[in-house]
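Structure first, then comments.
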Number of protein chains: 2
Amino acid sequence: MTVPGPIDPPARLLMGPGPISAYPSVLRAMSAPLVGQYDPFMTAMMNETQQLYRGVWATANEATLLVDGTSRSGIEAALVSLLRPGDRVLVPVFGRFGHLLAEIAERAMAEVHTIETDWGQVFPVSVIEEAIVRVKPAVLALVHGDTSTTMAQPLDEIGALCARHGVLFYSDATASLGGNAFETDAWGLDAATAGLQKCLGGPSGSSPITLSERAVEVIRSRGRVEAGIREDGDPQASDFIRSNYFDLGMILDYWGPRRLNHHTEATSMLYAARECARLMLIEGRAQAIARHRLAGAAMLAGVQALGLGVFGDIAHKMNNVVAVEIPERVNGDAVRAMLLDDFGIEIGTSFGPLHGRVWRIGTMGYNARPDAVYTTLAALEAALRRFGVPVPSGGGVQAASDVYRAG
Amino acid sequence: MTVPGPIDPPARLLMGPGPISAYPSVLRAMSAPLVGQYDPFMTAMMNETQQLYRGVWATANEATLLVDGTSRSGIEAALVSLLRPGDRVLVPVFGRFGHLLAEIAERAMAEVHTIETDWGQVFPVSVIEEAIVRVKPAVLALVHGDTSTTMAQPLDEIGALCARHGVLFYSDATASLGGNAFETDAWGLDAATAGLQKCLGGPSGSSPITLSERAVEVIRSRGRVEAGIREDGDPQASDFIRSNYFDLGMILDYWGPRRLNHHTEATSMLYAARECARLMLIEGRAQAIARHRLAGAAMLAGVQALGLGVFGDIAHKMNNVVAVEIPERVNGDAVRAMLLDDFGIEIGTSFGPLHGRVWRIGTMGYNARPDAVYTTLAALEAALRRFGVPVPSGGGVQAASDVYRAG
């Protein structure tokens, strides 16, 4: 074959539901030279990254670390480590990613119970409690923000509920962390996982995870050190975790003082993850979330001022993504193609029941910025006009700008 | 907490068993901007990366792709996808990573059969055949190069053997690919996996994998499209793969023409993986392997000329790593610390039975270069002298240089 040249991506403003354009300094961090996996600098960076993510997660959890893979690697690590085969798990499903949690739990041979609500809605706490009482699960697995519907499930009362019923509380915060309130300790979470490619403003490929002491106890009770590095006295539980890669006990031993070799940490992704957290904490956690709230409000006002409908229960919409109804007689994919080809702007398509019905427009991480919001709205207005949709001239940008000016 | 500054690693020449210093252009590739996961540029890069890795693996396998995780993510994906619970697998163990294959297979609930040989040796084909006849496994899982012992198991006759006995042949080529001959098709492999952080000269975090048609058939027979994106007519095998993340059928559907959403591809790691393959093919596969052979021979001659013993059956040593016996009365870790602290050079320690007995010195990827070999030998000579070991002055560099001059 003719060997191609170096990578040279086209200019893109990524305004979909993620991945989004990474912060420039996150991209730069990944080009830093590698060091050995037990270099004092490397272990110091691992420790520092843990500490940074305690800030991101708003937790004192010692067990705060990264899983080396995309966001669903963190989900699978949490579920396969917390759920013994045959354990009951309750998964309230309010979008595609609830189905994913159920799927992963089923493959982990848990007994999966789901409750469902209509797309565009979230669950009242009472409905979740009722299901907990009925199912008596070992684990409640609940998506926080589901980009498929743009909804954010309120979690603030769920932890106390789970504690009352002796249920471990896991949440998938992939789409929400960093752009929406998320209080690991205050909300009583036992486990939560995320990815870098949404509000944290990095590339996919590293999954931050945090575990309460109660979760660590469950994981430790299934402890098994792998053959080849096992020593006398190492635990050898018979109900060991049915994955080596996702055995959080071994991953904890690698990140912990014992530094027991498991995988070789993905150094460049660690650098990226560290930089994502660093940027968020320099900005301030509350400030970063407020910036997402403002960008989301501006984008929402903008698309509404263009005369477009918005899907779902807006009171429960995530800050960082909006589902915009595609006007009748408009080919949604053709509009998206025009935005990409003519403007270099990507907005998202949709899954399942919303496929062909809505575009999903994100404002997250680096791109939760006024210029990104205005540019996207101006381009969308131009594209809609090109496709014959009557739109008020300048209305989208004007409305978004009003939101920003009102602050 | 005080938020720390940007990442700023110390200067390091990584001459251990991996990870090693990445090629500068691989580091640069990771700082390229992100694009959306279904951007035509992204899918073109995925296709191009597959084609590049067909060159790296010396295969025509359509199913040649990346698993998003460290090298053991590729191993687990292969084993959990190929092995049904209860299937017999034969694992010949000649070092730590054979134990790892057995461990991963056991966690996948396979019936694991191992044979072992002494560390520092490889298996005669006849011994493997005998075990195949006795065990009648569904899969033979065999490490190619095991860095724990530095041995490379000859694989060239194993594929035909497996074909005769109706056994699927998987090999873990993490440590060997790119620096030693590896002929996926000519050697009759059904599955092989690797990582970037050894001879391919990239960071840990992406696992190249290639699968024969026979392997794909097995995987397809267990096909299951996950809940949430499943459509009418999609397969729903009852003996589905017991992992979502490592379900190679779904990963193939994501990389294939259907582009069915699974994970969000780790874009920056894809850029890195693409660049690793690109560099190898620009150099030429045979030339890259020859460069590793020469660097390995030079390092071997150099340490021997310093009066140091070498562990294992040198005739079967991998090109890219040598196990050097620590002289008596020398504290191996103190020498390593001096190399790291005074020279910025990392060499490796060892696992299991070799712990404290040998250093492992690598010459791979970017660092399979004369200057890296000479610098390491000069520093090692200085360190040994500092620790009171009598060493012939300049002998190590001289001997290595003689090897390079003889070409």
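The values are calculated or read from the model by the stated rules, or taken from the named source; none is laboratory data. Since the structure is predicted, the reported quantities are computational estimates derived from the model, not experimental observations. No Cβ is skipped: glycine too gets one built from the backbone with ideal geometry, and neighbour counts run over all protein chains shown. Each accessible area value is taken on the protein alone, full model and side chains, heavy atoms only, with ligands, DNA and RNA left out. Shrake-Rupley method; radii C 1.70, N 1.55, O 1.52, S 1.80 Å.
What's the average, rounded to a whole number, of partner chain beta-carbon atoms within 10 Å of each residue's beta-carbon in A:256-268?
Taking the mean over all residues of the peptide, I get 5.
If one takes the longest principal axis of the Cα atoms in chain B, at what angle in degrees, from 0 to 90 and to the nearest 10, does the Cα axis of helix B:267-283 lie?
Between the helix axis and the principal axis of chain B, the angle is about 60 degrees.
If you take every DSSP beta bridge fully contained in chain A, what fraction is antiparallel? Give it as a percent rounded to 5.
Of the beta bridges lying entirely in chain A, close to 50 percent run antiparallel.
Counting pairs of alpha carbon atoms under 8 Å apart in space and at least six apart in sequence, what relative contact order in percent does chain A give?
Contact order relative to length: 22 percent.
Give the accessible surface of region B:166-250 per residue, rounded to a whole number of Å², with probe radius 1.4 Å and ligands, DNA and RNA excluded.
About 26 Å² of surface per residue is accessible.
In region B:244-329, which trypsin sites (Lys or Arg not before Pro) are in a loop and have at most 15 other Cβ atoms within 10 Å, using DSSP for the loop call?
For trypsin sites (Lys or Arg not before Pro) across region B:244-329 that sit outside H, G, I, E and B with at most 15 neighbouring Cβ atoms in 10 Å, the list reads B:R258, B:R259, B:R329.
Keeping all protein chains in position, work out how much accessible area A:F343 exposes to a 1.4 Å probe, and write it in Å² to the nearest 10.
That residue has around 90 Å² of solvent-accessible surface.
Under 1.5 on a/c is rounded, so check that first for region A:37-79, then, if it is not, pick prolate when a/b is larger than b/c and oblate when it is not; a ≥ b ≥ c are the square roots of the alpha carbon gyration tensor eigenvalues.
oblate
Mind putting a number on the dipole of the protein assembly as shown about its Cα centre? Charges go on the C-beta only, +1 for Lys and Arg and -1 for Asp and Glu, and I need it in Debye to the nearest 20.
Computed about the Cα centre, the dipole is about 880 debye.
Roughly how much accessible area, to the nearest 100 Å², goes out of reach of solvent when A and B pair up, both sides summed, probe 1.4 Å?
In total, this chain pair buries about 7000 Å².
Which ³J(HN,Hα) values in Hz, rounded to whole numbers, follow from the phi angles of region A:351-357 under the Karplus curve 6.51 cos²θ - 1.76 cosθ + 1.60, where θ = phi - 60° and Gly and Pro get x?
Karplus values, whole Hz, x for Gly and Pro: 9, x, x, 9, 4, x, 9.
Checking a compactness column here: for region B:19-124, what do you get for Rg(Cα) / (2.2 N^0.38 Å), N being the number of residues?
Output field value: 1.39.
To check you understand DSSP bridge types, tell me what percent of the beta bridges within the protein assembly as shown (both residues inside) are antiparallel, rounded to 5.
50 percent
In the protein assembly as shown, how many lysine pairs have Cα atoms under 30 Å apart, counting only pairs 8 or more places apart or on different chains?
4
Whole Å is fine, so just give me how far the alpha carbon centre of region A:144-176 lies from that of region B:184-237.
Centre-to-centre distance over Cα atoms comes out at 33 Å.
Work out, in µm²/s and without decimals, the Stokes-Einstein translational diffusion coefficient of the protein assembly as shown at 37 °C, 0.692 mPa s, Rh from Kirkwood over C-alpha pairs.
Roughly 121 µm²/s, to the nearest whole number.
Take the alpha carbon gyration tensor of region B:91-217, find the square roots of its eigenvalues, order them as a ≥ b ≥ c, and report rounded if a/c is under 1.5; if not, report prolate when a/b exceeds b/c, else oblate.
Note, shape of region B:91-217 comes out rounded.
Helix A:96-107: angle to the longest alpha-carbon principal axis of chain A, degrees 0 to 90, nearest 10?
With both axes taken from Cα atoms, the answer is about 20 degrees.
Any idea what angle helix B:40-57 forms with the longest principal axis of chain B, computed on alpha-carbon atoms, 0 to 90 degrees, nearest 10?
With both axes taken from Cα atoms, the answer is about 60 degrees.
Counting only protein heavy atoms and using a 1.4 Å probe, what share of the accessible area of region B:232-379 belongs to carbon plus sulfur, as a whole percent?
52 percent
In what sequence, largest accessible area first, do A:L294, B:L270 appear using a 1.4 Å probe?
A:L294, B:L270
Could you tell me the extents of chain B's C-alpha atoms along the three principal axes, largest first, rounded to whole Å?
Result, largest extent first: 74, 55, 47 Å.
Do any residues of region B:62-89 lose at least 20 Å² of accessible area when the full set of protein chains is present rather than just their chain alone, and if so which, with a 1.4 Å probe?
When all protein chains are present, B:T70, B:R72, B:E76 each give up 20 Å² or more of accessible surface.
Using the Karplus curve 6.51 cos²θ - 1.76 cosθ + 1.60 with θ = phi - 60°, work out ³J(HN,Hα) for each residue of region A:135-145 in order, rounded to whole Hz, and write x for Gly and Pro.
Coupling constants for region A:135-145: 7, 6, x, 6, 9, 9, 10, 9, 5, 7, x Hz.
Using the crude model of +1 on Lys and Arg Cβ and -1 on Asp and Glu Cβ, and no other charge, please compute the dipole size for region A:275-407 relative to its Cα centre, in debye to 20.
For region A:275-407, the charge dipole is close to 260 debye.
Rank B:G86, B:A29, B:A60 by how far each Cα sits towards the positive end of the charge dipole of chain B (+1 on Lys, Arg Cβ; -1 on Asp, Glu Cβ) and give me just the farthest.
Of the candidates, B:A29 comes out farthest on the positive side.
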